[in-house]
Amino acid sequence: MKQRQIFLRDILAILFKRKLLIVSFAILVFAIVFVGNYVWPPTYESSARLRLTRGREVYQTDPSVMKSQENIAMIQMGQQDVNSEIDIIRSRDVLEQVAKDMGLDQPQPPAKNVLRQIYRTVKKAYLEGLYYLQIKSRPTPIQAAIEKLTDAIVVEPVRDSFLIDVRCRLGEPNMAHDVLAHLLDVYVQKRVAVFSNTKNSPFFQEQMDHASGALKNAQAALDEFRAMNQIVNVEGEKQLLLQQDTELKRLLSQMQETETAAEAVGDNVSEGALTEILSRQTGSPVVTEMQMRLLELLAERNRLSKTLGPKHPNLIRSNREVAEALNNLKGAIQEVKRTTEAKLAETGERLANLNSVVSQLENLDREVKIHSASLEYYKQKFEESRVMDAMAQEQISNVKVVSSPTMPVDPIKPRKLFNLVFALIAGIVGGLALAFFLEYLDHGIKTPEDVECYLEVPLLASFFRAPKGRLNPKELERLCTALEFINPESPAKLVQVTSAVGGEGAQSVARALAETHARDSGGQVLLVDFVGGPGQKKAAGGMGMIDVLTDQCVLDDALVSEGNLFVLERGTQSEIPLYMWNSPRMASFLDELRQRFSFVVFHLGSALQTAETLRLARSVDGTVIVIRSDSTRREVVGRAIEMLREAKGKVFGAVLTERKQQIPQAIYRRI
């Protein structure tokens with residue numbers, strides 16, 4: 001949909017045009033809110049503030065799960081703890097107890113104010129209607145009281161703290177204060193009951209007795225095992241056996257090296273290497289002594305072999321002694337190896353037995369420690385549960401009332417001054433919105449800009465509303481001038497004045513246009529008016545244009561003279577025959593009018609309601625369409641213009657009538 005640009009003048013025109021609607025709407029809203037301030041029941045608010053401190057409730061331990069002291073960690077308070085407290089305060093059990101204790105489930109006394117009594121009656125009737133239609137189930141008195149309390153109690157956490165604001169909103173100040181105070185008492189009792197557990201102490205006592213008996217049995221088993229295995233210093237004995245095992249392994253290694261060296265005597269082995277091996281100290285004195293004796297004999301043989309021949313008796317004797325010493329050394333080495341291996345096996349067996357004993361001893365010792373830790377844990381839990389039971393009996397809680405319930409003085413609802421100011425603003429804004437919305441829905445032609453934008457035809461004249469429907473003479477002169485200069489070389493002489501629908505003022509404009517031409521031009525002007533009127537003179541016999549066309553009379557007999565203005569009516573017949581419009585008779589008649597009169601104005605009726613108007617449009621010089629301001633929709637006028645053009649007629653422009661001066665002249669001249 002095409003929309004034109006809105007100017008300040010258009011906005012002011014809308015405001016002044018709809019001023020009554022805007023003011024009425026604002027007054028209506030203000031009056032409704034004003035009455036509502038006194039009809040609406042007041043709401044009083046009592047408030048209190050709680051603080052959640054660290055206490056016994058924030059580190060609850062599951063008694064069914066045993067944990068070591070190292071695994072017990074205190075739970076830090078967080079937002080979840082605050083939310084849990086809020087849920088307890090608003091729990092159904094707490095609200096139900098408060099409702100019963102405060103008698104909120106009892107019938108309310110009648111209101112003193114008549115308007116409020118009417119409000120209660122209407123509300124009750126509304127609820128009864130919901131119950132009857134089964135849209136809502138009928139609650140019991142206690143359920144209704146709980147629902148009322150649920151709406152009345154507001155619990156909110158204070159940001160970035162462990163404070164909780166609790167507010168109660170009811171219709172009576174004393175009731176709001178008393179209900180909130182009792183709510184806090186019931187809440188404290190409820191949370192003590194929630195966090196207390198009378199079964200903890202017997203449970204921990206039972207577990208403590210069981211742990212004590214298990215510790216005694218484990219200690220007795222440990223002592224019995226020590227006595228049976230004659231365990232005095234397990235670690236010292238183990239270290240001694242490991243030392244013996246190491247020494248025996250080293251001795252066995254030495255015997256292996258010595259035996260290897262003994263086997264190498266007589267082979268092509270370096271004497272230095274043999275001497276180094278045989279000169280080493282071993283763990284066996286016998287083998288060490290035999291090694292020294294063998295070294296001495298080897299040295300003696302070497303000395304003799306350098307001075308004596310191989311057959312010399314002394315060298316032969318020396319070789320025999322070396323062989324005998326070597327055999328003795330090998331025998332001693334074998335004996336030492338056999339003895340060492342036996343001792344090594346015995347030591348390994350003793351170590352394995354000792355390791356088994358140590359393992360059993362460690363298991364028994366560990367069991368004693370576990371039962372001892374369990375006993376200490378259950379002793380601690382038993383003491384905690386005893387303290388908790390004592391705190392529960394004394395109603396000690398970690399929730400502290402920082403601010404006691406206040407006694408309300410002024411109601412929080414309705415906020416009368418705020419409501420009135422808001423109603424005034426909302427009424428004005430709503431009235432403006434309604435005015436602009438109605439203006440948006442209104443598609444009437446109101447201003448010259450609307451004509452040019454939506455109809456795309458020039459505006460020839462614009463007449464404001466005047467007393468007795470008189471048209472402004474200056475605008476009439478402007479209209480005559482505009483028609484004259486549409487085609488200065490060949491001014492229009494035959495002009496049809498019409499409208500989209502009836503009642504637009506086309507007849508008045510046509511007559512005024514003809515009268516103005518007759519007065520200003522001094523020539524003869526003809527007004528062809530098919531509509532007529534009660535005050536208009538008739539020709540003799542009621543003759544008119546149709547009678548002239550059908551040769552029932554001559555033109556002079558059908559004319560009514562008013563000075564230089566002549567009027568020609570329809571005539572005795574209802575309409576011009578269809579064949580007549582394209583006949584030579586119609587053409588000659590129009591030519592006769594052109595030659596005789598200086599200006600001819602036709603008004604046959606509205607374009608959308610009279611076919612004769614469309615048929616005449618092609619025969620005249622042009623058509624002026626009259627539009628009543630703020631009346632006919634622009635779509636209707638646009639359709640009429642389109643039909644005139646489809647009939648091959650020329651539309652000179654539009655004339656606005658009955659315009660209203662919405663903006664005062666003092667303001668209008670400045671914008």
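Each reported figure results from applying straightforward, stated rules to the coordinates on display, with no laboratory input. Owing to the predicted nature of the structure, the values given are computational and were not obtained by experimental measurement. We place every Cβ from the backbone using ideal geometry, glycine too, and count neighbours over all the protein chains shown.
Please name which of 316, 518, 563 has its Cα lying farthest along the dipole of the chain towards the positive end, using unit charges on Cβ (Lys, Arg +1; Asp, Glu -1) and the Cα centre as origin.
Result: 563, furthest along the dipole toward the positive end.
Can you list the HN-Hα couplings for region 18-33, worked out from phi with the Karplus curve (6.51, -1.76, 1.60; θ = phi - 60°), rounded to whole Hz and with x for Gly and Pro?
Once rounded to whole Hz, the list reads 9, 4, 5, 5, 5, 5, 5, 5, 5, 5, 4, 5, 4, 5, 4, 5.
With +1 on each Lys and Arg Cβ and -1 on each Asp and Glu Cβ, and nothing else charged, work out how big the dipole of region 144-257 is about its Cα centre, in Debye to the nearest 20.
140
Under a point-charge model restricted to the Cβ atoms of Lys and Arg (+1) and Asp and Glu (-1), what is the dipole moment magnitude of region 445-668 relative to its Cα centre, in debye to the nearest 20?
460
For residue 19, go through the lysines and keep the ones whose alpha-carbon is under 28 Å away, minus same-chain ones fewer than eight residues off.
The reachable lysines, counting only those whose Cα sits under 28 Å from residue 19, are 2, 416, 446, 468, 660.
Quick one: what are the phi-derived ³J(HN,Hα) couplings along region 297-304, Karplus 6.51/-1.76/1.60 with θ = phi - 60°, whole Hz, x for glycine and proline?
Values per residue, Gly and Pro as x: 5, 5, 5, 5, 5, 5, 5, 5 Hz.
Note the count of lysine pairs whose C-alpha atoms are less than 25 angstrom apart in region 234-390, limited to pairs 8 or more residues apart or on different chains.
10
Residue by residue, what Karplus-based ³J(HN,Hα) values in Hz, rounded to whole numbers, does region 434-447 have, using 6.51, -1.76 and 1.60 with θ = phi - 60° and x for Gly and Pro?
Once θ is set to phi - 60°, the couplings for region 434-447 become 5, 5, 5, 5, 5, 5, 5, 6, 7, 9, x, 7, 10, 10 Hz.
In which sequence would 226, 159 go, from the one with the fewest C-beta neighbours within 10 Å to the one with the most?
By the 10 Å Cβ count, ascending: 159, 226.
Select from region 361-464 those trypsin sites (Lys or Arg not before Pro) which occupy a DSSP coil region and have at most 14 other Cβ atoms within 10 Å, ordered by residue number.
415
What is the chain's relative contact order, in percent, from Cα pairs under 8 angstrom and six or more apart in sequence?
19
Quote the charge dipole size of the chain about the Cα centre in Debye, to the nearest 20; the model charges only the Cβ of Lys and Arg (+1) and of Asp and Glu (-1).
Dipole magnitude for the chain comes out near 2780 debye.
Need the list of aspartates and glutamates near residue 413 for cross-linking: C-alpha distance under 18 angstrom, and skip anything on the same chain fewer than eight residues off.
Leaving aside aspartates and glutamates fewer than 8 places away in the same chain, those within reach of residue 413 are 45, 151, 172.
Could you pull out every residue, at least 5 positions away or on a different chain, whose amide H is within less than 5 Å of the one on residue 628? Hs are placed 1.01 Å off N in the peptide plane, and Pro or chain starts have none.
Residues meeting the criterion, in which the H sits 1.01 Å from N, are 657.
Where does the chain land at 222 nm, in deg cm²/dmol rounded to the nearest 500, when only DSSP H runs of n ≥ 4 count, each adding -39500 (n - 2.57), divided by all residues?
-19000 deg cm²/dmol
Which order do the peptides 183-190, 201-208 take when ranked by the mean count of other beta-carbon atoms within 10 Å per residue, highest first?
Packing proxy ranking, top to bottom: 183-190, 201-208.
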